[in-house]
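Heads up: the structure comes next, in structure tokens.
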Amino acid sequence: MAVHTGIPEDKRKALSDGLAKVLADTYTLLGKTHGFHWNVTGAQFHSLHEMFETQYTDLTTAVDEIAERIRALGYFAPGSLSQILKLSTIEDEHGVPDSRGMLEQLVRDNETVTQACRAVVQICDEANDTVTEDLMNHRMDAHEKAAWMLRSSMS
């Protein structure tokens, strides 16, 4: 069935492609943050364990919102781990870094997602898509705040 949102198909496709990258990066960050939540150790255990939980809870909601926006634009969201990992620019962690290593990775990864969101905002401007732009602005705010809190937790 055709989608009649007032956004031309080529712009909807570009938005969907950009959102798919944001979704993949966000999903990869979600998995990493959740794994770090389980495995963090050290003097800051309690505070980092709680902060990581707050962040992965936010990311869980975010991946659903991003995927649903892709669907509203008339495209399918990447739904398999292989699709996610192929699209993501965030490196998967195969070990268990110390707490500082976790913080450094999560700062970098949140900044990566912020940049991916910012690229979608550029497309939103061209497509006059304020709905996707609002979503991306909300996500940039969340990722910039997360990166700030993570940086502030480094001793």
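Answer yes if at least one residue in the stretch 138-151 is open to solvent by less than 40 Å² (accessible area, probe 1.4 Å) and not in a helix (DSSP H, G or I), and no otherwise.
No, the conditions are met nowhere in the stretch 138-151.
Just a yes or no: is a residue in the stretch 85-96 within 30 Å of E9 (Cα to Cα), within 13 Å of the chain's Cα centre (by Cα) and among the small types (G, A, S)?
Yes, because at least one residue in the stretch 85-96 is within 30 Å of E9 (Cα to Cα), within 13 Å of the chain's Cα centre (by Cα) and among the small types (G, A, S).
Within the stretch 53-78, how many residues turn out to be open to solvent by 40 Å² or more (accessible area, probe 1.4 Å), more than 21 Å from R12 (Cα to Cα) and touching a residue at least 60 places away in the same chain (Cβ under 8 Å)?
Adding up the residues that qualify gives 1.
Across the stretch 118-136, what is the total count of residues that are open to solvent by 40 Å² or more (accessible area, probe 1.4 Å) and under 12 Å from the mean Cα position of the chain (by Cα)?
Number of matching residues: 1.
Which of the residues spanning the stretch 79-117 are without any contact (Cβ under 8 Å) to a residue 40 or more places away in the chain, surrounded by 13 or more Cβ atoms within 10 Å (Cβ to Cβ) and under 18 Å from R69 (Cβ atoms)?
Once the filter is applied, which keeps residues that are without any contact (Cβ under 8 Å) to a residue 40 or more places away in the chain, surrounded by 13 or more Cβ atoms within 10 Å (Cβ to Cβ) and under 18 Å from R69 (Cβ atoms), the stretch 79-117 yields only T114.
Listed residues T61, T89; which is outside any helix (DSSP H, G or I), within 30 Å of S47 (Cβ to Cβ) and among the polar types (S, T, N, Q)?
Only one candidate qualifies: T89.
The values are calculated or read from the model by the stated rules, or taken from the named source; none is laboratory data. All of these numbers come straight from a predicted model, not from anything done at the bench. Using ideal geometry, Cβ is built from the backbone for each residue, glycine included, and neighbour counts are taken over all protein chains shown. Calculation scope for accessible area: heavy atoms of the full protein, side chains included, ligands and nucleic acids excluded. Shrake-Rupley method; radii C 1.70, N 1.55, O 1.52, S 1.80 Å.
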